[in-house]
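Here the structure is laid out as structure tokens; the discussion comes afterwards.
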Amino acid sequence: MDYVWDSSLETGNELIDSQHKALFIAVNNLLEICRKGKGKEEVSKSLDFLTQYTIKHFFDEEQLQQKYKYPDFPIHKKYHDDFKVTVRDLSHELIMKGATDRLIEELKNKIGGWLVTHIKGQDAKVAAHIRNQIAAQK
Ligand SMILES: [Fe+2]
């Protein structure tokens, strides 16, 4: 398993955390399928799930940011949009060329690694903002 959840990844927001955990599972699943040399059908099934779940998760997270008037929403949304393009591009390459070692490394760096960095850096700030807003409303 490439990406193991630990407390350093927790944002404290239940919805965000549960979706991040599911994303880790999806990335681990994709990497495992690639390494096992499974066929195109299984690879594209795994990619479809990862893509759809990413879109859903970003949508939910962006709704939350807007609800709580997160000041850095535009730049955060840009990070999400750029990542969706990365996932789309890597998906196309994977389907076209199959899971080469180089592509697996790219999946790790640009998808798995990106998620870890984004969660710890950006999403932690979102969660802190939401907590502050809730506390201020009480
Ligand atoms: Fe995010």
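A straight chain from LYS45 to THR100 at 0.36 nm per residue would run longer than the Cα-Cα distance by 18.0 nm. Only lysines eight or more places from LYS45 in sequence, or on another chain, were considered; those with a Cα closer than 29 Å are LYS21, LYS36, LYS56, LYS77, LYS78, LYS84, LYS97, LYS108, LYS110, LYS120. Toward the positive end of the charge dipole of region 1-72, with +1 on the Cβ of Lys and Arg and -1 on the Cβ of Asp and Glu, the farthest Cα among LEU15, LEU50, TYR3 is that of LEU50. When both region 31-46 and region 97-117 are represented by their alpha-carbon centers, they are found 14 Å apart. For region 1-80, the list of trypsin sites (Lys or Arg not before Pro) that fall in a loop by DSSP and count at most 14 other C-beta atoms within 10 angstrom reads LYS36, LYS38, LYS69.
About the Cα centre of region 20-138, how large is the charge dipole given +1 on each Lys and Arg Cβ and -1 on each Asp and Glu Cβ? Please answer in debye to the nearest 20.
Values: 21 positive and 16 negative charges, 67 e Å.
That gives a dipole near 320 debye.
Taking ILE75, ILE95, ILE104 in turn, the Gaussian network model of the chain (Cα-Cα springs below 10 Å) assigns the largest fluctuation to ILE75.
Listed by chain and number, the aspartates and glutamates whose alpha-carbon sits under 15 Å from that of LYS40, ignoring those within fewer than 8 places in the same chain, are GLU32, ASP48, GLU93.
To the nearest 500 deg cm²/dmol, what mean residue ellipticity at 222 nm is calculated for the chain from DSSP H runs of n ≥ 4 alone, each contributing -39,500 (n - 2.57), summed and divided by the residues?
Numbers: 6 runs with 101 residues, N = 138.
It lands at -24500 deg cm²/dmol.
In this calculation the C-beta distance from ILE25 to PHE73 is compared with R0 = 22 Å, giving a FRET efficiency of 0.20. Around SER8, with a cut-off of 13 angstrom between Cβ atoms, what is the net charge of the other residues, counting Lys and Arg +1 and Asp and Glu -1? Net charge around SER8: -3. Just want the answer: with Cβ charges of +1 for Lys and Arg and -1 for Asp and Glu, which residue in TYR79, ALA124, LEU103 is farthest toward the dipole's positive end in region 72-138? Projecting each Cα onto the dipole axis, the largest value belongs to ALA124.
Taken together, the values in this text are just the output of simple stated rules run on the coordinates, not laboratory data. What you see is a predicted model; the values in this text were computed from it and never measured. Ideal geometry is used to build each Cβ from the backbone, glycine not excepted, and the neighbour counts take in all protein chains shown.
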